[in-house]
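A.B. asks: One structure follows; several queries about it will come next.
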Amino acid sequence: MPGAPPFRDAKRSAEARLSGALDGACSVEVSHALSDAQRGTILAIDDVMFREELRYTRAELEERSHRPGFTCFLLSLEGKPIAYDYGYDDDEPGAFYSDSAATLIERRGVGSPLSALEAIYCYGRGYRRVKLSTEERDEVGRALRRYWERFGFTVISTDEDDNIVMVMELTTEAVVGLHGKYIA
């Protein structure tokens, strides 16, 4: 089996794939600190895509952006931000916590390449797993747990509020598979 693709190459391939799918120039910006404009963009996307109890406040987003390992992938179409995915070091050593992701353009293959890029990035940085918290279904009935299972995430716990914690082991085989399915 060939090795995992370098992140830089995967990013270029994802931008090309997304540009074709969305019929316009796409670019992915990777940031380890958020500007005021980037924070505003994320909050604006959240206002459209998440119900109120799932939205972070500006202060909460600011706090998260200062956590160790913070990394944000911001996707733009023709220079206009349309999606993001961000996370940071989990409390568990060797794990990255994928905190939040959203896209203004749904059902066009936008979120999957961003999630795959995040996994490839984490693998290249030496993380051994990616964790996230989700729910079985969102308010419009989308099967979120099943969505994440497509990437190789498995359930490790469920709490009394039906929050589901999932984990994906970052093996060479896993990231090569994600690259082939969602980026190449």
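A.B. asks: How long are the three semi-axes of the equivalent ellipsoid for the stretch 94-145, computed from the Cα gyration tensor as the root of 5 times each eigenvalue, in whole Å, largest first?
C.D. replies: 23, 14, 7
A.B. asks: Hey, another quick one. Multiply the residue separation of Lys80 and Arg8 by 0.36 nm, subtract the distance between their alpha-carbon atoms, and state the gained length in nm to one decimal.
C.D. replies: The span from Lys80 to Arg8 would gain 23.8 nm if fully extended.
A.B. asks: Taking K and R as +1 and D and E as -1, what net charge do the other residues with C-beta under 14 Å from the C-beta of Gly152 add up to?
C.D. replies: Spelling it out: positives minus negatives among the neighbours equals +3.
A.B. asks: Label points 7 Å out from Cα along the Cβ direction at Glu62 and Asp36: separation in nm?
C.D. replies: 1.1
A.B. asks: Given contacts defined as C-alpha pairs under 8 Å and at least six residues apart, what's the relative contact order of the chain, whole-number percent?
C.D. replies: RCO, the chain: 23 percent.
A.B. asks: If you build a Gaussian network model of the chain, linking Cα atoms that sit under 10 Å apart, which residue out of Gly20, Gly141, Gly126 swings the most?
C.D. replies: In this elastic network of the chain, the residue with the biggest mean-square fluctuation among Gly20, Gly141, Gly126 is Gly141.
A.B. asks: Per residue, what volume in Å³ does the convex hull of the Cα atoms of the stretch 7-182 enclose?
C.D. replies: That works out to 114 Å³ per residue.
A.B. asks: Sticking with this structure for a sec: Please give the net charge around Thr171, taking every other residue with its beta carbon less than 12 angstrom from that of Thr171, where Lys and Arg add +1 and Asp and Glu add -1.
C.D. replies: 0
A.B. asks: Between beta-carbons, use under 15 Å as the cut-off and find the net charge around Gly69, counting Lys and Arg +1, Asp and Glu -1.
C.D. replies: With Lys, Arg at +1 and Asp, Glu at -1, the net is -2.
A.B. asks: In deg cm²/dmol, rounded to 500, what helix-only [θ] at 222 nm does the chain give when every DSSP H run of at least 4 residues adds -39500 (n - 2.57) and the total is split over its residues?
C.D. replies: My calculation for the chain gives -11500 deg cm²/dmol from helical runs alone.
A.B. asks: Okay, next question. Expressed in nm to one decimal, what extension gain is obtained for the pair Glu92 and Arg107 from 0.36 nm per residue of sequence separation less their Cα-Cα distance?
C.D. replies: 2.1 nm
A.B. asks: For the stretch 1-86, what is the convex hull volume of the alpha-carbon atoms per residue, in Å³?
C.D. replies: So the per-residue hull volume is 132 Å³.
Here, each number is a calculation from the coordinates, and none is a lab measurement. The model shown is predicted, which means the values in this text are computed figures rather than measured ones. Counting neighbours? That spans all protein chains shown, and the Cβs are built from the backbone with ideal geometry, glycine included.
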